[in-house]
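To start, the structure itself, in structure tokens.
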Amino acid sequence: MRFMVIVKATPESEKEGALPDPQGIADMNVHIDELMKAGVLLGYEGLHPSSKGARVHFSGKNRTVIDGPFAEAKELIAGFMILQVTSLEEAIEWVKRSPNCQPGESEVEIRRVFEPEDFSDGFSEEGIEEEKKVRAQLADQAAKK
Amino acid sequence: MPAADPHRTQALHRTQALHRTIDAVWRIESARVIAGLTRLTRDVGLAEDLAQEALVAALEQWPQSGIPDNPAAWLTATAKRRAIDLFRRNAVARRKHEELGRELEAFEQTSPDLDSPLDNTIGDDLLRLVFIACHPSLPTESRAALTLRLLGGLTTDEIARAFLTPEPTIAQRIVRAKRTLADKHIPFEVPRGSELAARLSSVLEVIYLIFNEGYSATTGDDLMRPTLCEDALRLGRILAELTPSEPEVHGLVALMEIQASRTRARVTSTGELVLLFDQNRSQWDQLLIHRGLTAIERAHKINAIRGPYLLQAEIAACHARARTPSETDWPRIVILYNELARLIPSPVIELNRAVAVSMAHGPHAGLTLIDALASEPSLARYHLLPSVRADLLYKLGRHPEARTEFERAAALTRNTRERDLLRIRAAACETDSTTWSQNF
């Protein structure tokens, strides 16, 4: 199974032209090397600060573009990895081995990637109908609140 | 029914969660632990037993003590202590172990820094472990089981389920393999010079066998066992980092990455096989294709020689690059197959070459090559020969002959799903005998 390891942004990583310190990069490269040598790293990327990005806001038929930067650094992401492992626990074990390149508090989130077997039941007509009912109920409940 | 005690349920959940974490630690660390212990004991079987004992100790102790900060170091230290005890006892019984005992004590003093990631020593030990697990003195199926066990961190039960083989059979295979390695004093080393090429191809063969067992399950109801493919890919990727200057290793990795990229398009949600040209290419995994193409580039950067795995990877890449079947570069595939057939002449490759020729130059040209294989004894029971022949006959509008061949192929395949598909095609020969097949 695959997991996306999401590295959350920090005030430091959101700074204009932000790059981790050279020692941080070196430590991270060692970690990436280890993941590669273990055959579990499928891909990874680091992201520029949100000041170089944008958001597209959807509302019905409208799309509104909002340019970065965005507030609330801890809700933004600074990078990600895709790991191919056999359990959530294995993904957690790998993430725990990562060096901490952030001076302050920071967080890494681990999320499972959908794969074909996750959909194997979802394609049946009944499954889709059932899903629609559940969603309608949820929407109903939300509207009543 | 009495209500479940919530405290007991909670404790049970905690224990289960901890066991899953220990399993994960084992998956990550076992190969390195076993490799280090093999260097120490010079006996891969003993090393594995000691590592297993350390795992049992972890399962007993960690629920109370908590998981140590460096679980690999804990496992190695525990196994090493047991090794030293064992050798001391043996040394008393048999003086000839004295030297080994001293060696062990020296080893005990120099504790390897397991905090640091895979350093060269551990990398070398892992590579030695790969070569010993895939030693040619072992039967192929034992090499596969031992490799999954020692390098993949799989339990005997997991291997048995993956190969649909009874667990005692797998256990016996592993025990026998370990005994053979000990009896024949197979050294724990990376082969050098002219021996390296032959030994490396034995390793690649084992990894690809594991992959194929998962990719085109030869027995049983499932067409694929994807976790086995993932295990093989993981082994291949590990090997590629251990031997970065071997083009064929990258070739094998590329081949597996590209084949695995089609996993989700290859089988329908109800479990039927979908042939390459009928697959929804938007379902191909672009990440794996990208990895496959990168691995091919890595191989090309080493030298211009193309070995069998690299050639097959390049053929797979031709398909991966084509957004639709009609965009496939068939002339290039024919060239690659010609090269492959020269390198490793085999009836199966000749059969594939015939398919490529039929796609590049028409079904008639392909059929001529296929018919030359008709008397090939090694293909007498190979279902793909009549299956391919049936397809070409069908394309040439010779439907009654095509039907006979589809039925012959259905009778020969051991995979039930594939048999169904071939029977459907046989039946189709009757219903639309007037229409010519669609052009690809």
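So the values come out like this:
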item: Restraint check, A:15/A:61; A:52/A:96; A:37/B:178; A:37/B:301, Cα-Cα greater than 22 Å; result: A:15/A:61; A:52/A:96; A:37/B:178
item: Relative contact order (%) - criterion: Cα under 8 Å, at least six apart; region: the stretch A:2-113; result: 49 percent
item: Within 10 Å of each Cβ in A:31-43, the average number of Cβ atoms from other chains; result: 5
item: Extension gain (nm, one decimal) between residue B:196 and residue B:419, 0.36 nm per residue minus Cα-Cα; result: 76.2 nm
item: Dipole in debye (nearest 20) - the protein assembly as shown, about Cα centre, beta carbon charges: Lys, Arg +1; Asp, Glu -1; result: 840 debye
item: Difference of contour (0.36 nm per residue) and Cα-Cα distance, residue B:52 to residue B:384; result: 115.2 nm
item: Globularity ratio of the stretch A:1-118, using Cα Rg and 2.2 N^0.38 Å; result: 1.18
item: Expected 222 nm ellipticity per residue - DSSP helices of 4 or more, -39500 (n - 2.57), all of chain B, to 500; result: -23500 deg cm²/dmol
item: Which of A:81, A:28 has the fewest Cβ neighbours within 10 Å, and the rest in rising order; result: A:28, A:81
item: The stretch A:1-108: GluC sites (Glu not before Pro) in DSSP coil with no more than 14 other Cβ atoms inside 10 Å; result: A:16, A:72, A:105, A:107
item: Protection proxy ranking, peptides B:29-39, A:50-60, B:347-357, average beta carbon neighbours within 10 Å, highest first; result: B:29-39, B:347-357, A:50-60
item: Prolate/oblate/rounded label for the stretch B:380-431 (Cα gyration tensor, a/c 1.5); result: oblate
item: Cα-based helix-to-principal-axis angle, B:286-302 vs chain B, degrees rounded to 10; result: 80 degrees
item: FRET efficiency for residue A:59 and residue B:280, using Cβ-Cβ distance with R0 set to 30 Å, rounded to 0.05; result: 0.40
item: Stokes-Einstein D in µm²/s, Kirkwood radius over Cα pairs - chain B at 10 °C with 1.306 mPa s viscosity; result: 65 µm²/s
item: Between 0 and 90°, nearest 10: helix B:347-361 axis offset from chain B longest Cα axis; result: 50 degrees
item: Fewest-first ranking of B:266, B:298, using other Cβ atoms within 10 Å as the exposure measure; result: B:298, B:266
item: Extension gain, residue A:111 back to residue A:19 (0.36 nm per residue minus Cα-Cα distance, nm); result: 30.6 nm
item: Ascending count of other beta-carbon atoms within 10 Å, so fewest first, for B:257, B:376; result: B:376, B:257
item: Three-way shape label, the protein assembly as shown, alpha-carbon gyration tensor, a/c 1.5; result: oblate
item: As computed over the stretch B:288-440, the Cα convex hull volume per residue (Å³); result: 124 Å³
item: Most mobile of B:314, B:195, B:241 in a GNM of chain B (Cα contacts under 10 Å); result: B:195
item: Global form of the stretch B:344-396, assessed from the alpha-carbon gyration tensor, a/c cut-off 1.5; result: oblate
item: Average Cα contact separation per residue, chain B, under 8 Å, 6 or more apart, as relative contact order %; result: 10 percent
item: 0 to 90° range, to nearest 10: angle between helix B:416-431 axis and chain B longest Cα axis; result: 10 degrees
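Quick note: the coordinates plus some simple rules give every number you see, no bench work behind them. None of the values given here were measured: they were computed from a predicted structure. Please note: Cβ atoms are built from the backbone with ideal geometry, for glycine as well, and neighbour counts cover all protein chains shown.
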